[in-house]
């Protein structure tokens, strides 16, 4: 069979680029922000200065143009000094020219810069004798900059003659200043960005030094030294929550390690007892020749130990499956009462032998896994029967809540449990000493299985007891439509333990 070459080639995994350090990221974004702020500020400053210079130059030319129009109205074209008073000979700041409106002939110009500013470079004057509000920039062939402006005027009001008044101002110095000012701002911008980058690196390194110290402290934590903590009080306020979360994580890990150690020790103890019994019975049987009846008795005793081991292994496998996050429940709607009655009927013979009264009160409809529900209730009833004396009573009470939840109470009149044992009775292999002595066949996994089943259903379980008065184990199950609220209800329910 031929294979597709494209399928035979391994997939190409793109290489990830080198990630930036946190210091570099903070410094970069801080510098970027400062650069943007400086750029905007300096752009605004440059624009304001240039606009102010342009406004001053335009205002200057408009004032000169208005003054020249007023003076020209009192002069005659035959006068040789037509512009002698308006533009002194030694003045080089601005240039003025008078043209005949009809012929375009130059009537006068001062100072003599006509070759640098020919009439054609000036804009046309506004109609109706208006004064322009803004001039036009012009760059001469020599590289000089001028601001030029034109307006209509009247010469000799006694014999009016229309003329064109052209005025210009040398702006070379202003252009040089604005260029120098722009370069200065760019230099300040570059220096500010460089200084901000250096400051950002220094500040980021000092600010993140606490993270490095925290990382060093975390590296010192080992499985054998989980009692160490980061001591949240020594860190900056921003890292206090991180230190607190890490200390809480260490606490949970320490508790998990301790529980795992206790579980390993209890498991070894529970497995060692039946194995030692099997080995002892086999060794005794082999010490001498025995009859078939004696061998049969040994085998029957061995079968009891095998059944005990099988039951323990089955319970451990169930707990392992229950802790799997992918475990799915077969939720169906069913009545609780008939299920409980079936369980009580199964234990009727044992209860009759011990003269213990079994009973149920109440009923409700539930959406849950029936098989797991039966196993949880069966474990509770079996546990109650084992620790209830002769003539006692075991009652299963079903209560339907207004929020759709169902509470199930399994009550007995047994010997009770001391308050120091209640927080741990749902741990694996944990057994109260009185229970261990009165029921050596128990393996301490029944209540742990009940708790695992309740965890799968998202409901809480709690126990209340008084020594010599009895024990009550309460389960709270939620309808499927209320599962989203079950976690919060579960925490509230557990807070009453």
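Count of segment 365-391 residues, restricted to those that are more than 13 Å from residue 346 (Cβ to Cβ), within 42 Å of the chain's Cα centre (by Cα) and in contact (Cβ under 8 Å) with a residue 60 or more places away in the chain, is 7. Looking across segment 445-475 at every residue that is assigned to a loop (DSSP other than H, G, I, E, B) and under 42 Å from the mean Cα position of the chain (by Cα), the one that is modelled with the highest pLDDT is identified as 460.
Results for (1) surrounded by fewer than 15 Cβ atoms within 10 Å (Cβ to Cβ); (2) touching a strand residue (DSSP E or B) at 6+ places or on another chain (Cβ under 8 Å); (3) not assigned by TED's automatic domain parsing to the domain that holds residue 47, shown as yes or no for each residue.
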{"position": "132", "(1), (2), (3)": "no, yes, no"}
{"position": "138", "(1), (2), (3)": "no, yes, no"}
{"position": "149", "(1), (2), (3)": "no, yes, no"}
{"position": "161", "(1), (2), (3)": "no, yes, no"}
{"position": "170", "(1), (2), (3)": "no, yes, no"}
{"position": "173", "(1), (2), (3)": "yes, no, no"}
{"position": "194", "(1), (2), (3)": "yes, no, yes"}
{"position": "204", "(1), (2), (3)": "no, no, yes"}
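Scanning segment 15-67 for residues that are modelled with pLDDT under 90, more than 24 Å from the chain's Cα centre (by Cα) and farther than 30 Å from residue 169 by Cα yields one hit, 15.
May I ask you to verify whether residue 285 is in a helix (DSSP H, G or I), over 26 Å from residue 429 (Cα atoms) and modelled with pLDDT of 80 or more?
Values: in a helix (DSSP H, G or I): yes; over 26 Å from residue 429 (Cα atoms): yes; modelled with pLDDT of 80 or more: yes.
Criteria met by residue 285.
Does segment 143-156 contain at least one residue that is more than 30 Å from residue 70 (Cβ to Cβ) and at pLDDT below 90? Quick ask: steps written out before the conclusion?
First pass over segment 143-156, keeping only residues more than 30 Å from residue 70 (Cβ to Cβ): 143.
Adding the requirement that they be at pLDDT below 90 leaves 143.
Looking for residues that are more than 30 Å from residue 70 (Cβ to Cβ) and at pLDDT below 90, one finds at least one in segment 143-156, hence yes.
Restricting segment 68-106 to residues that are loosely packed, with under 13 Cβ neighbours inside 10 Å and under 17 Å from residue 147 (Cβ atoms) leaves a set whose member that is modelled with the highest pLDDT is 93.
The values are calculated or read from the model by the stated rules, or taken from the named source; none is laboratory data. Since the structure is predicted, the reported quantities are computational estimates derived from the model, not experimental observations. Note that we place each Cβ from the backbone using ideal geometry, even for glycine, and neighbour counts take in every protein chain shown.
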